[in-house]
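In what follows, a structure is listed as structure tokens, so that the remarks can point back to it.
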Amino acid sequence: MADIEVRGLTKTFGSVHAVEDVTFTAASGQVTGFLGPNGAGKTTTLRVLLGLERATSGEARIAGQRYEDLVQPRRTVGAVLEASGIHPGRRGRTHLSLLARAAGLPQQRVDQVLEVVQLGAAADRRAGDYSLGMRQRLAIAGALLGEPEVLILDEPTNGLDPAGVRWLRDLLRELAGRGRTVLVSSHLLSEVTQYADRVVIIAGGRLRYTGPVEELAGDGQSFEDAFLRLVDDDKQQEVRR
């Protein structure tokens, strides 16, 4: 199994605790939603998980290893932190072909993932002519090239129209159904609850909840109410400090 395990993770920038003692697991065969307000520490956590930042203390592992120790990272992990790292003058197919070549992946995967993300008809257009939603699909295609066991997405619905959001939701459920580990960071609560099995909520860099979606709400309150209560509790604690 290729679970994601974060244990006691702390990341500081000078005197600022971006993430403080965060612990959670994202299991294979499930979609885990990673939720929190802006500035909660979600992206910092993902950057540490993907080896882009070094933890101050604690650890973040994928399939029992740090990202930098993975022998074939693109075959283990596919990730999208932003869709802006695509050269605007490069054609979609060329972009994916270069990624595949750099990772030692077969070129036939390029056409396969283009069909998965429904960009086959636009594959030979320049990325600079793509809409934001199309660039997001192209970035997801790049993440899928290595048929990874783990998929990590940060705000993946950004720029997608309603049909694109539905497509992404179905894709994530399909991947989880095939035993993949899917971790999705988002601020769209109502959307995440439609496809996530479990959620991890952080606020102010600290863990506020981890568990099944259906167990968070209760006693007549909605998921949104419960989320906002957790975030508000965190703000109140900050005021009392």
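FYI, it's all coordinate maths here, none of it is from the lab. Just so you know, these numbers come straight off a predicted model, no measurement behind them. Heads up, the Cβs are rebuilt from the backbone with ideal geometry, glycines too, and the neighbour counts pull from every protein chain shown.
Projecting the Cα atoms of Thr76, Leu35, Pro156 onto the charge dipole of the chain, computed from C-beta unit charges around the Cα centre, puts Thr76 farthest toward the positive end. Axis angle, to the nearest 10 degrees, between helix 132-144 and the longest C-alpha principal axis of the chain: 90 degrees.
In this structure, the amide hydrogen of Gln30, modeled 1.01 Å from its nitrogen in the peptide plane, lies closer than 5 angstrom to those of Val182, counting only residues at least 5 positions away or on a different chain.
Does the stretch 31-94 come out rounded, prolate or oblate, given a ≥ b ≥ c as the square roots of the eigenvalues of its C-alpha gyration tensor, rounded meaning a/c under 1.5 and, failing that, prolate meaning a/b above b/c? Please list the in-between numbers first.
Working: a/c = 2.08, a/b = 1.31, b/c = 1.58.
Oblate, since a/c reaches 1.5 and b/c is not below a/b.
Look at where the Cα atoms of the stretch 38-72 and of the stretch 88-135 average out, and the two centres are 27 Å apart. Scaled against 2.2 N^0.38 Å for its residue count N, the alpha carbon radius of gyration of the stretch 107-209 is 1.14. A convex hull fitted to the Cα coordinates of the chain yields 128 cubic angstrom per residue.
Spin-label pair Leu188-Arg66: with each label point 7 Å from Cα along the Cα-Cβ axis, the two points sit 3.5 nm from one another.
Here the 3J(HN,Hα) profile of the stretch 94-109, calculated from phi with Karplus coefficients 6.51, -1.76 and 1.60 at θ = phi - 60°, is 5, 4, 5, 4, 5, 4, 5, 5, 5, 8, x, 9, x, 5, 5, 5 Hz, Gly and Pro shown as x. Summing Cβ point charges (Lys, Arg +1; Asp, Glu -1) relative to the Cα centre of the chain gives a dipole of roughly 880 debye. Only the Cβ atoms of Lys and Arg (+1) and of Asp and Glu (-1) were treated as charged; on that basis the dipole of the stretch 58-179 about its Cα centre amounts to roughly 300 debye. Calculated mean residue ellipticity, 222 nm, the chain: -11000 deg cm²/dmol, from DSSP H runs (n ≥ 4) at -39500 (n - 2.57) each, averaged per residue and rounded to 500. Semi-axes of the equivalent ellipsoid of the stretch 82-148 are 17, 12, 11 Å, computed as sqrt(5λ) over the eigenvalues of the C-alpha gyration tensor in descending order. Projecting the Cα atoms of Gly51, Ala217, Ala102 onto the dipole axis of the chain, where Lys and Arg carry +1 and Asp and Glu carry -1 at the beta carbon, places Ala102 farthest toward the positive end. Annotation: amide H of Glu155 within the under-5 Å range of Ser185, Ser186, sequence separation 5 or more or interchain, hydrogens built in the peptide plane. Helix 223-240 versus the longest principal axis of the chain: what angle, 0 to 90°, nearest 10, using Cα atoms? Taking Cα atoms only, the helix is inclined about 60 degrees.
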